[in-house]
Amino acid sequence: MPDAKLEELKQEAIFERFPYQPKKFIGYSVSCTGIEYCNLALVETKNRMRTISESLDKEIELDVPVRMHMVGCPNNCGQRAIAEIGLQGIKMKNQDKKMVEAFEIYVGGTLNEGGKFNEKLKGKVEAEQLHQVLKEMILFFKETKLLSETFLDFVERVGIDELQRKLDDILAKVAV
Ligand code: SF4
């Protein structure tokens, strides 16, 4: 298509639903189908991923996208292992000893340069607190990152131990 037609093309209705410049969170989020259609799922995924990502797009401005993948069980249909932030559904007992939906967080996966699986951070996050925990983690990234640094590069620069310390602080705070 000639450049002269570009502005006309950008007005097409499809770009309202699928922007040609995707937002930094929802535009890069992946989810498996989760409990809605999969009888192996431990947790709800798709709507949760969408709601969290859309909220983060409203709450946090970043100069780079963040690739988050959510899966409802260890089978990994949503390719959690190659995400910058991987979210894997589990069940856990909460403070009231009730079995609830929760997530493990993995950081630093990629397909680039031969690929690398992300690494698990210790700690379980109750599904109800996942948005808040991710928001605080990504705000920490925003405050600490270098210009144009991706979350993957950030993980490699600051190291897993530093991210684990941050997650421990966040979990201690949300548990109060
Ligand atoms: S990752 Fe698990 S929950 Fe998600 S679609 Fe695959 S089997 Fe189902």
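What to note about this one:
- For region 21-174, the per residue solvent-accessible surface stands at 53 Å², with DNA, RNA and ligands left out and a 1.4 Å probe.
- Computed log10 I(q)/I(0) for the chain at 0.08, 0.13, 0.15 Å⁻¹: -0.27, -0.67, -0.87, from the Debye equation with unit scatterers placed on every C-alpha and solvent omitted.
- Farthest towards the positive end of the charge dipole of region 21-174, among the residues VAL43, VAL125, MET99, is the Cα of MET99, using unit charges on the Cβ of Lys, Arg, Asp and Glu.
- Cα-centre dipole for the chain with unit charges at Cβ (Lys and Arg positive, Asp and Glu negative), debye to 20: 640 debye
- Reducing region 1-66 and region 123-176 to their Cα centroids gives an inter-centroid distance of 21 Å.
- Shown here for region 1-94: trypsin sites (Lys or Arg not before Pro) in loop regions (DSSP other than H, G, I, E, B) with at most 16 other Cβ atoms within 10 Å, namely LYS23.
- The chain - mean residue ellipticity at 222 nm from DSSP helices (-39,500 (n - 2.57) per run, n ≥ 4, rounded to 500): -10500 deg cm²/dmol
- Surface share of carbon and sulfur [accessible, 1.4 angstrom probe, percent] for region 21-174: 49 percent
- The GluC sites (Glu not before Pro) of region 1-52 meeting both criteria, a DSSP state outside H, G, I, E and B (loop) and at most 10 other C-beta atoms within 10 angstrom of the site's C-beta, are GLU12.
The values are calculated or read from the model by the stated rules, or taken from the named source; none is laboratory data. From a predicted model like this one, the values you see are computed outputs, not experimental measurements. Note that we place each Cβ from the backbone using ideal geometry, even for glycine, and neighbour counts take in every protein chain shown. For accessibility, only protein heavy atoms count, side chains too; no ligands or nucleic acids. Shrake-Rupley method; radii C 1.70, N 1.55, O 1.52, S 1.80 Å.
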